Amino acid sequence: MTNQLTNVLAASLLAVGLWSCNTTEPTPSPYESGAYILNSGNFTDNNGSITFLARSSTNPATDIFNAANARTLTGGLQDYTEIDGKGIILVDNSTAGQDKVEIVEIGTFKSLTTLKAPDVENPRYVVRAGLNKAYITCWGATGSGANFFASPGYVLVVNLASRTVSKKITLPKGANRITVVGSEAFVGSDGGDRTLTVINTETDELKQPGIDVGVNTNPIDVDANGRLWAYVQETNEMIRVNTASKVVDKRLKVGGSPKTPGSFALSQDKKTFYFVNSFYDAADNYRQKGETYRFGIDDASIPATSPFIGRLFSGLGVDPQTGIIYAGVTPSYKQAGYVIRYQPGGALIDSVRAEIGPSRFFFR
């Protein structure tokens, strides 16, 4: 009996030892911690892509969707975000009816499903609107000339658990940027509408009325005090909105002819906005030029002549973990661009090659 017990114990220990030897740690995802560089591509070439850059690296991984799925995005890259374990990529193809939303596994970028037209028409921005729920703004089908915004825009409500479209919320024409504050989504327009539309994210219904703020207003971000900032194209103003009372409590002049502000980004502490002021120089064959500025959320005015960085960028982003500024440079839409990294105070860190048209950033 003693020998039998000894043999059983020895066999058990051997089995445990073999199990321990054969058990390995899960393979880490290749794109765990760093910046996704969203390269818009050249619109008519439909060659948008995503580059991944680890925080401590200067060696980016290019076209990571293609690397994971053996196919390209086949369109211009509009936006990307992550919601409850899934990545959502917005793709705008130059051919009508070919726009789509790619839903991927975060960290690996392996495709989970693709949403296509007619549900997806000219997608622009995507945000998290609740558990496993995405809001995607879409212009809808476009026309031409004065009738470019031929049909109303809408917000596409996507159930990420079932990976299906659950609803379309019709909006004024030209639905564009969107920001969620609490249980409300604020949606801007580029189609000539004056309203900042408000949606109840719990019911997916419009709250009436919206906020009358000026033609072509788009929300930018929420500051350290919980106030929503938006840019009003009609008046060239940054406005601050109290989202509880739906009242505009501050207006600051920004840009102004011939300069147009864009590519806004908010600092790590959410107290400073960075933006690019650009214009087309008629004396230089209408070449685009500009500088990058900044202003504090408590400032009484926005500087118009003292740039933070004296150059034009095609996109800005701020790493929420480090405060480092990422700035995209697009020499042309027929060649690879690059990203310059700066310290929060403006000191140059380095420059990293990207792909065509680096214009937005997502950090994880």
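Points worth noting:
- Residue satisfying all of: in the stretch 199-231; among the aliphatic types (A, V, I, L, M) and not in a strand (DSSP E or B); nearest to VAL241 (Cα to Cα) among these: VAL213
- Residue count for the stretch 275-301, restricted to those that are at pLDDT 95 or above, of a type in the set (A, V, I, L, M, F, W, C) and either touching a strand residue (DSSP E or B) at 6+ places or on another chain (Cβ under 6 Å) or within 23 Å of GLY357 (Cα to Cα) (or both): 3.
- Leading residue by the ranking (most open to solvent (accessible area, probe 1.4 Å)) among those in the stretch 180-197 that are touching a Leu at 6+ places or on another chain (Cβ under 7 Å) and of a type in the set (Val, Ile, Thr): VAL181
- Residue within the stretch 158-167 that is of a type in the set (D, E, K, R) and in contact (Cβ under 8 Å) with a residue 60 or more places away in the chain present: yes
- Pairs where the first residue, in the stretch 313-338, is farther than 14 Å from GLY357 by Cβ and of a type in the set (D, E, K, R) and the second is open to solvent by less than 40 Å² (accessible area, probe 1.4 Å) and not in a loop (DSSP other than H, G, I, E, B), C-beta under 7 Å, 6+ apart: ASP319/ALA35; ASP319/TYR326; ASP319/PHE363
- Residue-level check: of (1) in a strand (DSSP E or B); (2) open to solvent by less than 10 Å² (accessible area, probe 1.4 Å); (3) farther than 24 Å from ILE89 by Cα, VAL339 misses just (3).
- Pairs where the first residue, in the stretch 245-265, is under 14 Å from ASP299 (Cβ atoms) and the second is of a type in the set (A, V, I, L, M) and loosely packed, with under 12 Cβ neighbours inside 10 Å, C-beta under 9 Å, 6+ apart: LEU252/ALA300
- Hits in the stretch 86-110 (condition: open to solvent by 40 Å² or more (accessible area, probe 1.4 Å) and closer than 23 Å to SER33 by Cα): GLU105, ILE106, LYS110
- Residue check, PHE273 under 20 Å from the mean Cα position of the chain (by Cα) and buried (at least 21 other Cβ atoms within 10 Å of the Cβ): yes
- The stretch 129-153: number of residues that are surrounded by fewer than 18 Cβ atoms within 10 Å (Cβ to Cβ), out of contact with any Ser or Thr (no Cβ under 7 Å at 6 or more places or on another chain) and under 24 Å from SER40 (Cα atoms): 4
- The stretch 199-236 - residue that is at pLDDT 95 or above and hydroxyl-bearing (Ser, Thr, Tyr) and, of those, most open to solvent (accessible area, probe 1.4 Å): THR203
The values are calculated or read from the model by the stated rules, or taken from the named source; none is laboratory data. Since this is a predicted model, take the numbers as computed values, not measurements. Cβ coordinates were reconstructed from backbone atoms using ideal geometry, including for glycine residues, and neighbour counts include every protein chain displayed. In case anyone asks, the SASA skips ligands and DNA or RNA and just uses the protein heavy atoms, side chains included. Shrake-Rupley method; radii C 1.70, N 1.55, O 1.52, S 1.80 Å.
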